[in-house]
Amino acid sequence: MAETSIPKTALFQSIRDASPKLVTGVPDGMLAATIEACQATDEFAYIACAREEECIGVASGAAMAGERAIILVQNAGLLNAIGAFATMGLRYQLPFVIIVTNRGVLADPNSYDIEKHDAFELSVKNLARVFTYDAANLPKDLVPAAFKWAEAARRPAVIALERRLEGATQ
Amino acid sequence: MTANLPSQKDAIASALKLYPTRPYAVADIGSQSGWLKAASHDARNLYVSGPMGLSTSIALGVAASRPNEQVLAIIGDGALAMNLTSLITIANAKPDNLAILLVDNRVYEYTASVPTPSRELDWLAIGRSILGDRNCARLSDLAPDKWAETPRPAMIVADIAQGDKPPPLGMSPAMIRAAFLEASKA
């Protein structure tokens, strides 16, 4: 598909504004349009990984070389990769940005997502700073701001995107 | 089976000598990092601390970040079995500057040499089925001219002798990161 025919999501625009060297990920329905746009652009590389732990590796390699890298995964995927997150991202103080769709909230009640959300709350939020946003109402400078924070803190920044009930405020 | 096989240190040194100029070398946790440092310590080495098997993925990130430089991931058979899907990701990404050195001693050397569940696998056949026939070779069959013509992404399979643990790495994560950052400046 030609790049021009793919709609640019607000998340993609924010990713592009952060000027990453690469984006890597494993698809989630809420991220699909953004991933399609990332795959189509020639402004940065998109590396499609077979599993989420690899994404931490790919982003770590880029960050070790001093480049900006972004990971796009679902909360279950980051849970699969907690060991890699700790032993690479935290241990080596790598300032990459992880964008996670935090499934299992009130407006996103798939039965198979409930425990993912519980596990994410218990584990990731105890390991890392997680910045939570309404997936339908993203600040334009979200991803650039996350990099500024990660580079100042010298550790990964996690952005959790959640669905909100209709009429809810941030 | 280990008679006449090279040590891990010698296999790593031999693989690095296939390149006309020093590649970036990303070594897996434990034996590979220790033996890479013992074989050829260099600012272009990246010693990673896990989880086991992640070096191939980290090397892919380095290769994508430095497309004009050659990158060699160094990984054991037990470790690659833990991140076998990375071969699929690498085959799909098609980096033309990435190779994998698989050092196969059929044991978890750092863990009391417990046998690996992959010890009876034909790693060359696995590599060829995922990366391509021409992209994979045994270290013993390679010379610099043949290696230069081997398409990337590539995999070198080195059968090695079982041995002792390497000397301690003696570097903190901050030291490793700072050295590699300096060596890999664009």
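The values are calculated or read from the model by the stated rules, or taken from the named source; none is laboratory data. Since the structure is predicted, the reported quantities are computational estimates derived from the model, not experimental observations. Heads up, the Cβs are rebuilt from the backbone with ideal geometry, glycines too, and the neighbour counts pull from every protein chain shown. Areas reflect the complete protein model, heavy atoms only, side chains present, ligands, DNA and RNA absent. Shrake-Rupley method; radii C 1.70, N 1.55, O 1.52, S 1.80 Å.
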**Prompt:** How do the pairs read when you match residues in segment A:19-37 that are within 17 Å of residue A:57 (Cα to Cα) with residues anywhere that are open to solvent by 50 Å² or more (accessible area, probe 1.4 Å) and at pLDDT 95 or above, using Cβ under 6 Å and keeping only pairs 6 or more apart or on different chains?
**Reply:** A:20/A:68; A:21/A:68
**Asked** residue A:108 fails exactly one of the following numbered conditions: (1) crowded, with 18+ Cβ neighbours inside 10 Å; (2) at positive phi; (3) at pLDDT below 95. What is the number of that condition?
**Response** (2)
**Message:** Among the numbered criteria (1) under 13 Å from the mean Cα position of the chain (by Cα); (2) more than 11 Å from every other protein chain (Cβ to nearest Cβ); (3) open to solvent by less than 30 Å² (accessible area, probe 1.4 Å), which one does residue B:97 miss?
**Reply:** (1)
**Message:** Just to verify a result, which residue in segment A:69-91, among those that are facing chain B (nearest Cβ under 10 Å) and surrounded by fewer than 24 Cβ atoms within 10 Å (Cβ to Cβ), is nearest to residue B:177 (Cα to Cα)?
**Reply:** A:91
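Does residue B:172 satisfy the criteria of being out of contact with any Pro (no Cβ under 9 Å at 6 or more places or on another chain), surrounded by fewer than 18 Cβ atoms within 10 Å (Cβ to Cβ) and under 21 Å from residue B:90 (Cβ atoms)?
When the stated conditions are applied, residue B:172 does not pass them.
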**Prompt:** Do you know which residues across segment B:128-157 are in contact with a Cys (Cβ under 7 Å, 6 or more places away or on another chain) and basic (Lys, Arg)?
**Reply:** B:128
**Fill in**
Exactly one of B:106, B:177 is buried (at least 16 other Cβ atoms within 10 Å of the Cβ) and free of Cβ contacts under 8 Å to residues at least 12 places away in the same chain, and that residue is B:177
**Request:** Could you tell me which numbered condition residue B:67 fails, if it satisfies all but one of (1) more than 13 Å from chain A (Cβ to nearest Cβ); (2) out of contact with any Ser or Thr (no Cβ under 7 Å at 6 or more places or on another chain); (3) within 29 Å of residue B:184 (Cα to Cα); (4) without any contact (Cβ under 8 Å) to a residue 40 or more places away in the chain?
**Result:** (1)
**Prompt:** Name the pairs: first residue in segment A:66-92 and without any contact (Cβ under 8 Å) to a residue 40 or more places away in the chain, second residue in a strand (DSSP E or B), Cβ to Cβ under 8 Å, at least 6 apart or on different chains?
**Reply:** A:81/A:73
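Quick check on this structure: which one of A:66, A:89 is within 24 Å of residue A:116 (Cβ to Cβ) and touching a Lys or Arg at 6+ places or on another chain (Cβ under 8 Å)?
That would be A:89, the only listed residue that is within 24 Å of residue A:116 (Cβ to Cβ) and touching a Lys or Arg at 6+ places or on another chain (Cβ under 8 Å).
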**Item:** Test result for residue B:116, within 14 Å of chain A (Cβ to nearest Cβ) and surrounded by 12 or more Cβ atoms within 10 Å (Cβ to Cβ)
**Value:** no
**Boolean, residue B:90 is free of Cβ contacts under 8 Å to residues at least 40 places away in the same chain, of a type outside the set (D, E, K, R), touching a strand residue (DSSP E or B) at 6+ places or on another chain (Cβ under 7 Å) and within 13 Å of another protein chain (Cβ to nearest Cβ)** = no
**Prompt:** Of the residues in segment B:140-186, how many are of a type in the set (Gly, Ala, Ser) and in a helix (DSSP H, G or I)?
**Reply:** 6
**Prompt:** Of the residues that sit in segment A:33-49 and are surrounded by fewer than 18 Cβ atoms within 10 Å (Cβ to Cβ) and of a type in the set (S, T, N, Q), which one is nearest to the other protein chains (Cβ to nearest Cβ)?
**Reply:** A:39
